[in-house]
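Report on one structure; see the data block that follows.
The values are calculated or read from the model by the stated rules, or taken from the named source; none is laboratory data. Everything numeric in this text was worked out from a predicted model, so none of it was measured. So basically every Cβ, Gly included, is an ideal-geometry build from the backbone, and we count neighbours across all protein chains shown. Just so you know, the surface numbers come from the protein's heavy atoms only, side chains and all, with ligands and any DNA or RNA stripped out. Shrake-Rupley method; radii C 1.70, N 1.55, O 1.52, S 1.80 Å.
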Amino acid sequence: MMVGEINTAVRLRLPVVFVLLRDNYLSLIKVKQSRKGFQPHGVEIFGSDYRPSDNFFGASVVPVDTEESFREALKQALQGTEPVIIDAEVDPGNMKG
């Protein structure tokens with residue numbers, strides 16, 4: 001949902017840090033289904049073998065899966081001179097529903 005902003009940052013070479021919180025689900029739809037008493041259906045968007053690309057629309061992507069790796073990636077990205085996307089994998093089990 002941020003492709004326009006990512007494209008602008010890449011085109012203008014702006015040092016913007018984007019953080020993508022990826023839980024591999026369409027979580028809002030899953031929550032709405034749950035609230036209506038439905039079993040989740042059609043909400044998982046990536047399988048366990050998903051690996052992020054090394055760039056999205058020209059911006060470098062740094063995958064992280066721990067708090068420590070996130071902190072390090074953020075520190076490095078804030079020191080950079082070009083846009084960076086931090087792809088942070090989060091546990092969908094920790095999502096409130």
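Results for (1) within 14 Å of residue 90 (Cα to Cα); (2) over 15 Å from the mean Cα position of the chain (by Cα), shown as yes or no for each residue.
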position: 41; (1), (2): no, yes
position: 50; (1), (2): yes, no
position: 56; (1), (2): no, no
position: 59; (1), (2): no, no
position: 63; (1), (2): yes, no
position: 74; (1), (2): no, no
position: 78; (1), (2): no, yes
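So that you can scan it fast, the table gives a plain yes or no per residue for (1) in contact with a Leu (Cβ under 9 Å, 6 or more places away or on another chain); (2) β-branched (Val, Ile, Thr):
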site: 7; (1), (2): no, no
site: 23; (1), (2): no, no
site: 29; (1), (2): no, yes
site: 35; (1), (2): no, no
site: 49; (1), (2): no, no
site: 65; (1), (2): no, no
site: 74; (1), (2): no, no
site: 90; (1), (2): yes, yes
- Query: Quick one: is residue 88 of a type in the set (A, V, I, L, M), open to solvent by less than 40 Å² (accessible area, probe 1.4 Å) and either in contact with a helix residue (DSSP H, G or I) (Cβ under 6 Å, 6 or more places away or on another chain) or not in a helix (DSSP H, G or I) (or both)?
  - Reply: yes
